[in-house]
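Data first, discussion second: the structure below is written as structure tokens.
The values are calculated or read from the model by the stated rules, or taken from the named source; none is laboratory data. Small disclaimer: the values here were computed from a predicted structure and weren't measured. Here the Cβ positions follow ideal geometry from the backbone for every residue, glycine too, while neighbour counts run over all protein chains shown. Only protein heavy atoms, including side chains, enter the accessible area calculation; ligands, DNA and RNA are left aside. Shrake-Rupley method; radii C 1.70, N 1.55, O 1.52, S 1.80 Å.
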Amino acid sequence: MRIRKLTLPTSDVSKSVAFFRDLLELPAIESSIRVGWSEIFLVPAIGEPPRGVHLAFNVGYERFDAAMSWLKQRTPLQRVPDNGECAVLEGDWQSKSVYFGGPDNAVLELIGRRRLAGSSQTGPFGGSDLDCVSEVGVPADDVVGTAAEFARTFAVTTLGQASSSFAAIGDDEGLLIAVAPDRPWFPERRQLPSAKGLEILLEGVKVPGMLANPLHGWKVHAV
């Protein structure tokens with residue numbers, strides 16, 4: 001499953017464009033940000049912008065240490081409990097992650113996933129080494145029910161078992177992270193999830209369709 005396009009409302013389009021272009025070295029054309037095979041399309045928020053969006057970006061597992069060093073030179077990292085700046089997960093995840101802040105109090109993440117094919121890129125790390133938007137957070141009052149609804153609508157499964165507060169829907173290339181609205185984002189657990197106005201376009205699912213959560217204001221389309 002791939003996250004092909006994310007429409008992301010923001011309080012200030014120009015400042016958000018500058019963040020992705022200048023800090024993360026990503027190509028920007030007007031309000032469109034290119035992240036590998038993904039696009040982030042920034043739009044003015046209608047009313048209060050979502051504060052607490054979670055996005056993750058895949059990096060090659062073999063390049064993770066270089067990615068972390070590159071990021072540390074550009075922005076403060078969030079602290080991971082018991083592990084300093086890097087979260088290492090085994091089991092269903094097989095990954096390494098580092099977290100940092102983004103526009104409108106977003107919680108952003110670089111993640112290297114061991115199961116994905118190795119990166120062929122060499123040399124200094126840069127924004128062109130980011131493979132894609134690989135995670136988008138979507139709050140839901142019934143997380144298990146939301147995971148089941150995604151399974152019925154798009155024929156997608158979860159990475160590991162869904163719980164009452166967390167479900168990773170999809171696979172290593174693309175995940176929708178469904179969380180309870182009162183569950184703060186890891187690692188510092190300071191920011192509650194928000195996704196009002198987010199629209200997500202998926203590719204690579206077995207069944208096309210559309211799913212929306214009017215209460216929390218997000219929509220998912222699949223082709």
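Within 10 Å of each candidate Cβ there may be at most 15 other Cβ atoms; applying that plus a DSSP loop requirement, which trypsin sites (Lys or Arg not before Pro) in the stretch 152-216 survive?
ARG189, ARG190, LYS206
Using a probe radius of 1.4 Å on heavy atoms only, what accessible surface per residue do you get for the chain? Whole Å² is fine. It would help to have the intermediate numbers written out before the result.
Numbers: 9900 Å² over 223 residues.
Computed with neighbouring chains in place, this is 44 Å² per residue.
How large is the dipole of the chain about the Cα centre if only Lys and Arg carry +1 and Asp and Glu carry -1, each at its Cβ, rounded to the nearest 20 debye?
For this selection, approximately 100 debye.
Among rounded, prolate and oblate, which fits the stretch 74-191 when a ≥ b ≥ c are the square roots of the eigenvalues of its C-alpha gyration tensor, a/c under 1.5 means rounded, and a/b larger than b/c means prolate? Spell out each step's value before the answer.
Details: a/c = 1.89, a/b = 1.31, b/c = 1.44.
Because a/c hits 1.5 or more and a/b fails to exceed b/c, the stretch 74-191 counts as oblate.
Taking 7 Å along the Cα-to-C-beta vector as the label spot, tell me the LYS72-SER163 distance in nanometres, rounded to one decimal.
That separation, rounded to one decimal, is 2.9 nm.
Would you please calculate the Kirkwood hydrodynamic radius of the stretch 64-120 over all C-alpha pairs and express it in Å, rounded to one decimal?
Evaluated on the stretch 64-120, it is 12.2 Å.
Among DSSP beta bridges whose residues both lie in the chain, state the antiparallel percentage, nearest 5.
Working: 39 of 60 bridges.
So the antiparallel bridges amount to about 65 percent of the total.
With each pseudo-label sitting 7 Å past Cα toward Cβ, what's the ALA212-ILE46 distance in nm, one decimal?
If labels sit at ALA212 and ILE46, their model points lie 1.0 nm apart.
Counting residues in the stretch 172-223 as N, plug N into 2.2 N^0.38 Å and put the Cα Rg over that result.
In units of the 2.2 N^0.38 Å rule of thumb, it is 1.29.
Restricting to DSSP loop positions (anything but H, G, I, E, B) with no more than 16 other Cβ atoms inside 10 Å of their own Cβ, which GluC sites (Glu not before Pro) remain in the stretch 1-60?
Sparse-neighbourhood loop GluC sites (Glu not before Pro): GLU25, GLU30.
Report the relative contact order of the stretch 176-223, percent, no decimals, based on alpha-carbon pairs under 8 angstrom and at least 6 residues apart.
Over the stretch 176-223, the number comes to 31 percent.
What's the percent breakdown of Cα-Cα distances in the stretch 97-159 across 5 Å bins, shortest bin first?
Taking every Cα pair in the stretch 97-159, the percentages come to 4, 11, 17, 20, 15, 17, 10, 5, 2.
Number of Lys pairs in the chain with C-alpha atoms less than 19 angstrom apart, excluding same-chain neighbours closer than eight positions?
6
When you take every Cα atom in the stretch 32-132, what is the radius of gyration, and what is Dmax, the widest Cα pair distance, in Å?
14.3, 44
Report, to the nearest whole %, how much of the accessible area of the chain belongs to carbon and sulfur atoms, 1.4 Å probe, protein only.
52
Relative to the present Cα-Cα distance, how much length would full extension add between SER14 and HIS221 at 0.36 nm per residue of separation?
71.9 nm
With θ set to phi - 60°, apply the Karplus curve 6.51 cos²θ - 1.76 cosθ + 1.60 along the stretch 156-162 and write out the HN-Hα couplings as whole Hz, x wherever there is a Gly or Pro.
10, 10, 9, 8, x, 8, 6
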